[in-house]
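Data first, discussion second: the structure below is written as structure tokens.
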Amino acid sequence: MAEARTMFIVIRKDLAKVLQWPLGSVIAQGCHASVAVMQKYRDDERVKAYVDDINSMHKVVLETKNEASLLKMAENLKQNNIPYYLWTEQPENIPTCLATVPVVRSDLGDALKKCSLMR
């Protein structure tokens, strides 16, 4: 059986812990990024395959320390040619999270290796 495609969502840990954002607001950031990446890359074959199997969608929600580490994760993805969407909350203009197109985990390499599962 082929390895499932997975969307990786990386959210800044400091939004809740330091900036005291409510849990619902933090969750909404990941929702924004996941919808945005699917729309932006809607013609990508990985996205098409992901939505064609709508009952088997996989997502992994990761956390990263702060804005600087989030931007580093974005740079890592760019260097590994993995399409992503960096969500920037408006009107505050705060980068809060990113989401990748659905990828096979092995294609991700170590682009997000410094992230851990969100808790």
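The values are calculated or read from the model by the stated rules, or taken from the named source; none is laboratory data. The model shown is predicted, which means the values in this text are computed figures rather than measured ones. No Cβ is skipped: glycine too gets one built from the backbone with ideal geometry, and neighbour counts run over all protein chains shown. These area figures cover heavy atoms from the full protein model, side chains too; ligands, DNA and RNA do not enter into them. Shrake-Rupley method; radii C 1.70, N 1.55, O 1.52, S 1.80 Å.
General remarks:
- Number of the condition not met by V51 [criteria: (1) surrounded by 15 or more Cβ atoms within 10 Å (Cβ to Cβ); (2) touching a residue at least 12 places away in the same chain (Cβ under 8 Å); (3) assigned to a helix (DSSP H, G or I)]: (1)
- In the set (1) closer than 18 Å to A2 by Cβ; (2) open to solvent by 60 Å² or more (accessible area, probe 1.4 Å); (3) in contact with a Pro (Cβ under 7 Å, 6 or more places away or on another chain), the condition left unmet by S106 is number (3).
- Output for the range 19-29, where each listed residue is out of contact with any Ser or Thr (no Cβ under 6 Å at 6 or more places or on another chain) and in contact (Cβ under 8 Å) with a residue 12 or more places away in the chain: V26
- Residue match in the range 69-87 (condition: hydrophobic (A, V, I, L, M, F, W, C), under 20 Å from L15 (Cα atoms) and assigned to a strand (DSSP E or B)): yes
- Scan of the range 70-119 for residues that are among the hydroxyl-bearing types (S, T, Y) and either on the phi > 0 side of the Ramachandran plot or touching a helix residue (DSSP H, G or I) at 6+ places or on another chain (Cβ under 9 Å) (or both), ordered by number: Y84, Y85, T96, T100
- Residue within the range 40-62 that is among the polar types (S, T, N, Q) and within 16 Å of L98 (Cβ to Cβ) present: no
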